[in-house]
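Below: one structure, written as structure tokens.
The values are calculated or read from the model by the stated rules, or taken from the named source; none is laboratory data. This is a predicted model, so every value here is computed, not measured. As a convention, Cβ positions derive from the backbone with ideal geometry for all residues, glycine included, and neighbour counts pool all protein chains shown. Side chains are part of the model used for accessible areas, which takes the heavy atoms of the whole protein and leaves out ligands, DNA and RNA. Shrake-Rupley method; radii C 1.70, N 1.55, O 1.52, S 1.80 Å.
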Amino acid sequence: MNQGVNHGPRLTGEEYDRRVIKLHCDLPPAPSRAQEKQVKRQELDLAIDHRLGQDFPLSRREALWAIQQRIDKKHFWLMFKYILKRFFSKSLARDAQGLAGYLVDEYAKVLSKAELESYFGKEEAHNPSLPIELDK
């Protein structure tokens, strides 16, 4: 992680993992949309606490949450294409890579270069990609 970013103490990898698991374990078997949305928001806050620091400003967290909600809408269509990948295989790969680039570009509107590298990793911040396998 980028040491130039200082937004207070960060969650360790183990603490982050434990908290994300607890979020999901605390959900009922058939969560409502509101509960699912709340967990996604909490996951984002945990990712921020782990990658950027626990004192990352609330207003900027809200901005990232707004971006994440827009990304989730695009994600739905990408998953739909994945289901129909036999018909859309070429456009699926292109769309997946486009979504990764879009995510990083949108986050770059809120995060500094150092924060972006800390959040996504240096390589991913500069060359965003999603792992996608089309041959099956």
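In the stretch 1-42, whose amide N lies under 16 Å from the spot 7 Å out along Cα-to-Cβ of Leu58? List them in ranges. The answer is 42, whose backbone nitrogens lie closer than 16 Å to the label point. The aspartates and glutamates whose alpha-carbon is closer than 20 Å to the alpha-carbon of Lys40, local same-chain residues fewer than 8 away aside, are Glu14, Glu15, Asp17, Asp26, Asp49, Asp55, Glu62, Asp72, Glu106. For the pair Ala47 and Asn127, what calculated FRET efficiency results from E = 1/(1 + (r/R0)^6), where r is the Cβ-Cβ distance and R0 = 30 Å, to the nearest 0.05? Efficiency for this residue pair is about 0.90. Using a probe of 1.4 Å on the protein chains alone, the accessible area found for Glu106 is around 20 Å². With each label modelled as a point 7 angstrom along the Cα→C-beta vector, the Lys109-Gln69 pair spans 1.4 nm.
Accessible surface for Glu14 stands near 130 Å², nearest 10, in the context of the full protein assembly shown (1.4 Å probe).
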